[in-house]
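The values are calculated or read from the model by the stated rules, or taken from the named source; none is laboratory data. This one's a predicted model, so the numbers in the text were calculated from it and none came from an experiment. Cβ sites come from the backbone with ideal geometry, for glycine too, and all protein chains shown count toward neighbours. Heads up: the accessible areas ignore ligands, DNA and RNA and are worked out on the full protein's heavy atoms, side chains in. Shrake-Rupley method; radii C 1.70, N 1.55, O 1.52, S 1.80 Å.
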Amino acid sequence: MDFIEGEILHIDKPLHWTSFRLVRVVRAKLCQKLKIKKLKVGHAGTLDPLATGVMTVCTGKKTKEIERLQAQTKEYIAEIRLGATTPSFDLETEIDAEYPVEHISREKVEECLKQFTGKIEQIPPLFSAVKIDGKRAYEFARKNEEIELKPKILVIKEIELLFYNLPTITIRVVCSKGTYIRALARDIGESLQSGAHLLALQRTRVGDVSLNDCLKVEELDDFFDRQIAKGEA
């Protein structure tokens, strides 16, 4: 591999890491091992700190392909808690309201999910990186400043219920770029006349790349060493 010329890497982003932290670690390791001061590194598709899974990282001239890579279909496994909401729609913030769940059956959940298949409108979460007047939405949200986010058109190709154990459900979602699974959890909760937020989220596939194709962060040093040694041989 020629990391300076450009490579595309697939890494399993750890829990609590920001996408930028993963990029920073890859850049630092490669610069140290290649004995260079600068290297262009970027990622194709942000994952929230509380999400794990497939992250595409590009180096060198391959960073020019980021836009193409971001447009690929993505698959997620999401664990959702029904009956309670948080301002961020996940565990980043505390529960702010609770709702009944006694009326929710497995059949109602499966029927509810059908309405989210296909082309839908989705309002992004306030706690998101969507830009408004040059600032990120989460900057306003963390200051409790009110803003209005416009709905976006996106496509959910597949959605299915994997596990049902009230108040928790687990779903699999195959969707277009720009889909916020946290916002989908919010909308599912509202559709079920309750509330909901994410407990866990894993991106299991981007395009044809699955978790099985990804490097773990703890494997990076050895992987980089082997690839650089091959190039010098």
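Quick look at the values:
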| item | result |
| --- | --- |
| Stokes-Einstein D in µm²/s, Kirkwood radius over Cα pairs - segment 174-233 at 20 °C with 1.002 mPa s viscosity | 142 µm²/s |
| In Å², nearest 10: area of TYR99 left accessible to a 1.4 Å probe | 100 Å² |
| Carbon + sulfur, % of accessible area of segment 82-233 - ligands and nucleic acids excluded, 1.4 Å | 48 percent |
| Relative contact order computed over segment 1-143 (Cα-Cα under 8 Å; 6+ residues apart), in percent | 19 percent |
| For LYS152, residues with placed amide H under 5 Å, excluding near neighbours | GLN122, ILE123 |
| Of the GluC sites (Glu not before Pro) in segment 1-98, those whose Cβ has at most 10 other Cβ within 10 Å and which sit in DSSP loop | GLU5, GLU94 |
| Cα long-axis angle, helix 19-34 against the chain (0 to 90 degrees, to the nearest 10) | 10 degrees |
| Those trypsin sites (Lys or Arg not before Pro) in segment 24-99 that DSSP places in a loop and that have at most 11 other beta carbons within 10 Å | LYS35, LYS37, LYS38 |
| Helix-only mean residue ellipticity at 222 nm for the chain, each DSSP H run of n ≥ 4 adding -39500 (n - 2.57), per residue, nearest 500 | -7500 deg cm²/dmol |
| Prolate/oblate/rounded label for segment 1-75 (Cα gyration tensor, a/c 1.5) | oblate |
| Whole-number percent relative contact order across segment 1-74, with pairs defined as alpha carbons under 8 Å at least 6 apart | 43 percent |
| Residue-by-residue Karplus 3J(HN,Hα) for segment 194-204, coefficients 6.51, -1.76, 1.60, Hz, glycine and proline x | 8, x, 6, 8, 6, 9, 7, 9, 10, 8, 9 |
| Computed accessible area, ILE147, all protein chains, 1.4 angstrom probe, square angstrom | 50 Å² |
| Heavy-atom accessible area per residue - segment 89-227, 1.4 Å, Å² | 57 Å² |
